[in-house]
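*Asks:* Sharing a structure, written as structure tokens. Questions coming.
The values are calculated or read from the model by the stated rules, or taken from the named source; none is laboratory data. Bear in mind that the values here come from a model prediction, so they are computed numbers and not experimental data. In this analysis, Cβ positions are derived from the backbone assuming ideal geometry, glycine residues included, and neighbour counts consider all displayed protein chains.
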Amino acid sequence: MNTHTSINLRDTIDPVDDIVLALSMARGLDEIMATVRERARRLVGSDGITFVLRDGDQCYYADEDAITPLWKGQRFTAETCISGWAMANRQVVTIEDIYADDRIPHAAYRPTFVRSLAMVPVRQEDPVAAIGAYWAWRHQPSAREIATLQRIANSAAVAMTNVGLIEALVTAKEEAVRAKDAIIFAMASLAEVRDNETGNHIHRTQYYIRALAEEARDRFPELDDRTVDLLFKCAPLHDIGKIGIPDAILLKPGKLDPEEFAIMKTHAEKGRVAIEAAEKKLGPSEFLKLAKEIAWTHHERWNGAGYPRGLAGSDIPLAGRLMAIADVYDALVSKRCYKQAIPHSEAVDIIVKERGRQFDPELIDVFLSVAPKFDDINQQFTDD
Ligand SMILES: [Fe+2]
Ligand SMILES: [Fe+2]
């Protein structure tokens, strides 16, 4: 006959392991202290627990859990308190009778229940904190109690180091993001001053592409919040390649002849090269990847008649297909030195006629429903 013995896993987990696990997952100092406050007293079997932070030459009693209040929120100079002594000497302290020990500031203890204590430094080699356990009756802390306290303190030390590392990483990451944003805007404004299209072209196209992308979400699930936000940020770089176009062509007050136009067209490829160079310096980023896609493909046409590569249909990245509509709409409704501004409704007609030719047919359906927003954006960022 087969007999099955079932083991309740819960019963086999050492309760100290639980707190060690909880500490390892803590995201900040407050969580570390809360974990110790909520669990340590029961595990050690004491009447009180304190979490003391080293703050220069002071000991800050940051958190506690005790039968009656101890010193939460108070500061003592390190020489006058036992946690300071434990941290300075990198030693565990156990005191059976606090009134017989002259390291103890008796006046601070008299209003409390404390009779015996144990104090364990957190991070033994260079203490940053200490955890205290207190008993209301005269009690010699046992080896087992001290071992438990030490395990908790060691886990808290690891957790505090992790939190410090995580915070440093977050700060470094935020700085990197800020630096990237700054570089990108510097690049975009460089393109802007080199262009005869007025500065607001860059802002308007940024808002058009966002409006279009938001409206297109139902049909293109890849347009999640993050991607739409990235599109908005990347759009200013779409003509970055114009930096490499000679002034005589870029600033020519009139239509370009075929030869000049051929040179002008190289701005899409030049944009790709410029952003790829930035990628090599700054490291790969989703931002630069998308910016490159836009710069490289915003003059491709759905029917394959565009440049630089003559891509067709969905071989053209979605970002490029979106940018194409935003860019052409703005060129139509804006006044240029060689042409008048075309009214909104006419611009919409012209664009819709290119459905399935110059532009992605599905995106033109989207454009039609969001066109009034384009008009608003255009009014909002006028060039005059
Ligand atoms: Fe362009
Ligand atoms: Fe443009």
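*Asks:* Give me the residue from the stretch 108-145 that is in contact (Cβ under 8 Å) with a residue 40 or more places away in the chain and of a type in the set (S, T, N, Q) and, out of that set, farthest from residue 70 (Cα to Cα).
*Replies:* Filtering first and then ranking leaves 140.
*Asks:* Enumerate the helices (runs of 4 or more DSSP H) found wholly within the stretch 4-111, keeping only those where 2 or more residues are surrounded by 13 or more Cβ atoms within 10 Å (Cβ to Cβ) and of a type outside the set (Phe, Trp, Tyr).
*Replies:* Working: elements: 9-12, 15-24, 29-44, 82-89, 106-109.
The helices (runs of 4 or more DSSP H) meeting that bar are 15-24, 29-44, 82-89.
*Asks:* Next question. List the helices (runs of 4 or more DSSP H) that sit entirely inside the stretch 260-368 and contain at least 1 residues that are within 36 Å of the chain's Cα centre (by Cα).
*Replies:* Numbers: elements: 267-282, 286-297, 318-333, 344-353.
Hits in the stretch 260-368: 267-282, 286-297, 318-333.
*Asks:* Quick one: in the stretch 288-328, which of the residues that are within 16 Å of ligand 1 (Cβ to nearest atom) and among the charged types (D, E, K, R) is nearest to residue 203 (Cα to Cα)?
*Replies:* That would be 327.
*Asks:* Further question on the same structure: Restricting to the stretch 77-118, name every residue that is among the basic types (Lys, Arg) and farther than 16 Å from residue 142 by Cα.
*Replies:* Scanning the stretch 77-118 gives 90, 103, 110.
*Asks:* Picking from 147, 156, 216, which residue would you name as being at pLDDT 95 or above and farther than 29 Å from residue 283 by Cα?
*Replies:* 216
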